[in-house]
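What follows is a set of notes on a single structure, which appears directly below.
The values are calculated or read from the model by the stated rules, or taken from the named source; none is laboratory data. This structure is a prediction, so every number in the text was calculated from the model and none was measured. Cβ placement follows ideal geometry from the backbone for every residue including glycine, while neighbour counts extend to all protein chains displayed. Calculation scope for accessible area: heavy atoms of the full protein, side chains included, ligands and nucleic acids excluded. Shrake-Rupley method; radii C 1.70, N 1.55, O 1.52, S 1.80 Å.
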Amino acid sequence: MQDIYSDPTFQMACDQFELVAEYLEVPHDLHDQLMYPKRSIVVSVPVRMDDGSTRLFQGYRVQHTLSMGPTKGGTRFGPTVTIGEVAALAMWMSWKCALAGLPYGGAKGGVYVDPRSLSGNELERLSRRYMQEMIPFIGPHIDIMGPDMGTNEQVMAWFMDTYSAYAGHSVPEIVTGKPVSLGGIHGRREATGRGIVYLVERAANLLKLKLSDGTAVIQGFGNVGGVTAHGLAYKNGMKIIGISDISGAYYNDNGIDIRAAANHAVTNGDLKGFAGAEPIPLENLLTLPCDVLVPAAVSGVITRENAGKIRCRLLAEGANGPTTVEAAKILFERWNELFVIPDILCNAGGVIVSYFEWIQSLQSFFWNETEVADRLFRALEQSFSAMIRRAKEEKIPHRLAALAIGVERVMKARKARGLFP
Ligand code: NAD
């Protein structure tokens, strides 16, 4: 097949799939059908800038698997977004939704843009025009959007408003992660970080690792990293000794005041100049000795070069694809000292609560935050136990166990539906 997805992140997702496919002995005729996206849409998004000029942005949407129900996935606005990266993220969404038992195939969207370089009005015009271009290809029972890096509740509100204006009535079920005032669900913003904290507690319990007074390091201080840091610090009493964002990495041996850091980031746009910690070289953050390490920013940060130097007891992968395939092999050799919660399980809280939000919007029947959190933890518990059981029974790494469950479920559905005509 000619590879329009050529990109290191897509290659990483494919290499990972190859390992699982070999392990599961996926039949040859299904192999490529499962790996390659079913549908990919590329659009040009013209936007009028504040100075009166017009700029053209490239937008993508990849719908990876159509066998499981509608597709579901976030939209990323970022300066490194490519169709290959979006395709990789869509593939991971398929395995993640299947592992969590959700009736969705994976999707992802993205725009190649640095959102920090746009004014608020430009961001709104870009968001609305991107959605407008996607209208022929999505729908509440076809493909449902959500937030990801570089997008937030406000962008989801613009998406929903644009789609609703086209439909002629409110269609809240077209997006998840929207503001509560527009039918968003309580606790969606916190869902991914809250899920990570739950799984860290669960794993610590298995390892008999005491979290209170333990240390944690978190890469990325946005939605996922920020909420995780808050939960580990204030719910579990952990000392957060290292944090980072796009502006750099910061360290404080006595523990960082996470509320102060969050206030600084909100006021200044990032952590630069935060007085409560010392700047350290970016590459030193992930190898700081700590109990819990949470990469919660970009993919491919744990590599062949630094995997042997990581000095945590528990690695909780908040980001999508933070660990390369070579690094995963090195981490597995260290399984005795390093417990991994792989990304497709660790950050699944976001899509699980998005699923609740979609149901809530379809039914116009609202849930409170306690119900949402309870159901989230129950869903994560099932996936966590299934992964641990399979890893033990088959003596395989957690990552392979989690992926095997996900890929197997998609394969079964694909086989049962057969090939048309
Ligand atoms: P966000 O945009 O809210 O925050 C991203 C953070 O990462 C920011 O602090 C940013 O400054 C930082 N960052 C960006 N590039 C960086 C770099 N090169 N080095 C260090 N830090 C960098 O995004 P988010 O929603 O928190 O998403 C973070 C990760 O979690 C992504 O990999 C995303 O795909 C994944 N994820 C998010 C959700 C969700 O519900 N938001 C769900 C599942 C997975």
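Brief remarks on what is shown
Residue-by-condition table, conditions (1) within 23 Å of the chain's Cα centre (by Cα); (2) farther than 23 Å from residue 412 by Cα; (3) at pLDDT 95 or above:
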position	(1), (2), (3)
2	no, yes, no
19	yes, no, yes
24	no, no, yes
50	no, yes, yes
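- Identity of the residue in region 105-137, in contact with a strand residue (DSSP E or B) (Cβ under 6 Å, 6 or more places away or on another chain) and among the β-branched types (Val, Ile, Thr), that ends up farthest from residue 92 (Cα to Cα): 113
- Within region 46-67, one or more residues are over 30 Å from residue 332 (Cβ atoms), β-branched (Val, Ile, Thr), open to solvent by 20 Å² or more (accessible area, probe 1.4 Å) and in contact with a strand residue (DSSP E or B) (Cβ under 6 Å, 6 or more places away or on another chain).
- If you check 366, 356 for being over 12 Å from the mean Cα position of the chain (by Cα), farther than 24 Å from residue 392 by Cβ and part of a loop (DSSP other than H, G, I, E, B), only one passes: 366.
- Hits in region 78-130 (condition: of a type in the set (Asp, Glu) and either in contact with a helix residue (DSSP H, G or I) (Cβ under 6 Å, 6 or more places away or on another chain) or in a helix (DSSP H, G or I) (or both)): 85, 122, 124
- Some residue of region 26-37 being open to solvent by 20 Å² or more (accessible area, probe 1.4 Å) and touching a Lys or Arg at 6+ places or on another chain (Cβ under 9 Å): yes
- Selection count, region 208-235, where residues are assigned to a helix (DSSP H, G or I) and either without any contact (Cβ under 8 Å) to a residue 40 or more places away in the chain or open to solvent by less than 50 Å² (accessible area, probe 1.4 Å) (or both): 12
- A single member of 276, 300, 318 is free of Cβ contacts under 8 Å to residues at least 40 places away in the same chain and either open to solvent by 10 Å² or more (accessible area, probe 1.4 Å) or in a loop (DSSP other than H, G, I, E, B) (or both), and it is 276.
- Considering only residues in region 17-76 that are among the charged types (D, E, K, R) and assigned to a strand (DSSP E or B), the one that is farthest from the ligand (Cβ to nearest atom) turns out to be 48.
- Lone qualifier among 118, 99 - being open to solvent by less than 40 Å² (accessible area, probe 1.4 Å) and touching a residue at least 40 places away in the same chain (Cβ under 8 Å): 99
- If the condition is being within 13 Å of the ligand (Cβ to nearest atom), of a type outside the set (A, V, I, L, M, F, W, C) and out of contact with any strand residue (DSSP E or B) (no Cβ under 8 Å at 6 or more places or on another chain), then region 270-299 contributes 283, 299.
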